[in-house]
Amino acid sequence: MIDKNYILAVSSMVGTSVGVGIFSLPYVASKSGFFFFIILIILLGIVTTTLSLMYGEITLRTKNKGRLVGFCEKYLGKNGKKIATVVTLFTLYSSMLAYIIIGGIFGSAVFSSSFGGNEFSYSIIMFLFISVGIYISLKLISVIEFLMVIFLFVAILGIIIKGVPMVEVGNLISNDSSQFFFPFGAILFSLGALSAIPELEHIIKKGQKRIKDVIVIGNIIPIVVYILFVFVILGITGAGTSEEAFHGLSLSVGDGIVTLGLIFGIFAISTSFLMLGVNLKEIFWYDYHLSEKTAWALTCFVPFAVFVLGMRDFITVVNIAGSIAGGFAGILIIIIFYRAKKMGDIKPAYSIKVPIIISIIMVIIYSAGIIYQLIESIKI
């Protein structure tokens with residue numbers, strides 16, 4: 001039965017997934033080719049959906065609700081908690097770094113013609129504003145966060161609708177098998193909706209068997225949107241596709257709707273950046289009992305220092321975050337899934353059977369992504 005809570009739950013999944021990562025997809029697809037991109041996003045979509053269902057069952061089997069760190073501590077012990085903490089910190093820091101970089105790119109695209117400045121300066125401005133919000137633990141009303149995502153979503157759909165007639169098929173038929181794995185990290189980063197899953201139980205209080213359907217639909221919708229978005233952007237800009245997707249597009253589609261997308265993108269990035277920052281600060285503050293100022297400093301200045309020291313390539317950061325952090329998180333969840341089936345506290349609203357061979361294949365896929373990205377990072 002579809003009701004308000006069901007729609008809200010699906011929206012939560014989609015809103016968590018569709019974020020800064022979408023802007024990296026046309027560029028990485030231009031390197032591998034659209035056909036190989038489609039194969040990879042469908043493959044990883046199946047893997048991610050299966051993993052999400054596993055994670056959903058873990059949360060439903062566990063009495064004391066938490067996140068990955070808490071689940072690892074319960075099912076894998078103290079060493080598991082340490083590993084999960086490192087993975088979580090790496091994920092949050094790399095995501096915040098990506099927001100700093102893309103915020104500067106978008107800010108420069110919108111404001112530089114009127115106020116001057118370059119991408120670096122606009123990244124600094126965004127960081128300063130968001131770091132103040134993190135310092136005072138500013139928590140936006142969830143409705144505002146939701147509206148920002150909706151507005152961005154509408155702008156993206158507008159670009160897709162307006163851009164379809166401009167697509168040139170010739171831009172979509174070139175493929176490079178040597179770059180098949182190049183989009184791996186960016187796709188995995190863009191499909192990241194795991195953080196929304198523990199909240200589904202609170203959103204859908206009645207008929208929690210529907211959580212399974214919500215997770216499946218919440219994973220399918222972003223995949224469809226991403227394929228359409230890449231189809232349009234790559235089909236229009238071809239080899240001229242820029243790293244953040246919009247620059248090359250503005251030359252073809254015109255500045256109006258692209259600027260609208262950039263503006264909503266800035267707001268969506270800002271709200272997500274703030275949310276991640278406040279959450280990370282509270283991890284240091286509440287869970288590790290650091291002083292509030294120390295927690296704030298560790299939250300803000302670690303990714304900022306990495307940015308200032310030269311890590312400013314958006315695609316590289318997204319690929320690293322998706323392949324390495326996402327890969328390790330995926331492997332941990334697969335291990336916890338089987339432990340939770342034996343050690344869980346509660347009979348879950350739904351239960352899935354995942355053959356060991358499927359889980360082994362998933363671990364191999366995640367491991368291959370990690371190894372590939374480590375090799376690429378060494379080259380850099």
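Every read-out reported here was derived from the displayed coordinates using simple, explicitly stated rules and does not represent laboratory data. Quick caveat, the model's predicted, so the values are computed rather than measured. Using ideal geometry, Cβ is built from the backbone for each residue, glycine included, and neighbour counts are taken over all protein chains shown.
Per residue of the chain, the DSSP helices (runs of n ≥ 4 H) give a summed -39500 (n - 2.57) that works out to -25000 deg cm²/dmol at 222 nm. The convex hull built on the alpha-carbon positions of region 161-223 has an orientation-averaged projected area of 6.8 nm². Counting only residues at least eight positions apart within a chain, or on another chain, the aspartates and glutamates with an alpha carbon under 16 Å from that of Lys81 are Glu73, Asp287. Out of every Cα pair in the chain, what percent are spaced more than 40 Å from each other? The answer is 11 percent, as a whole percent.
Pair-distance distribution P(r) for region 15-61, from all Cα-Cα distances in 10 Å bins starting at 0: 23, 41, 26, 9, 1 percent. The mean sequence distance of close C-alpha pairs (under 8 Å, at least 6 residues apart), as a share of the length of region 4-379, puts its relative contact order at 37 percent.
The order of the peptides 84-92, 50-58, 284-292 by mean Cβ neighbours within 10 Å, most packed first, is 50-58, 84-92, 284-292.
Only Cα pairs under 8 Å and at least 6 apart count here; give the relative contact order of region 1-88 as a rounded whole percent.
Taking the mean separation of contacting Cα pairs over the length of region 1-88, I get 12 percent.
Once C-alpha pairs closer than 8 Å and six or more residues apart are averaged by separation and normalised to the residue number of region 231-364, the relative contact order reads 13 percent.
Counting only whole DSSP H helices of the chain, the ones at least 30 Å long by C-alpha along their axis and with mean Kyte-Doolittle hydropathy no lower than -0.5 are 34-61, 68-115, 142-163, 210-237, 255-282, 356-379. In the structure shown, the pairs Lys82/Lys205; Lys206/Lys341; Lys293/Lys341; Lys162/Lys206; Lys78/Lys281; Lys82/Lys341 are assessed against 29 Å; a Cα-Cα span above that value is assigned to Lys82/Lys205; Lys293/Lys341; Lys162/Lys206.
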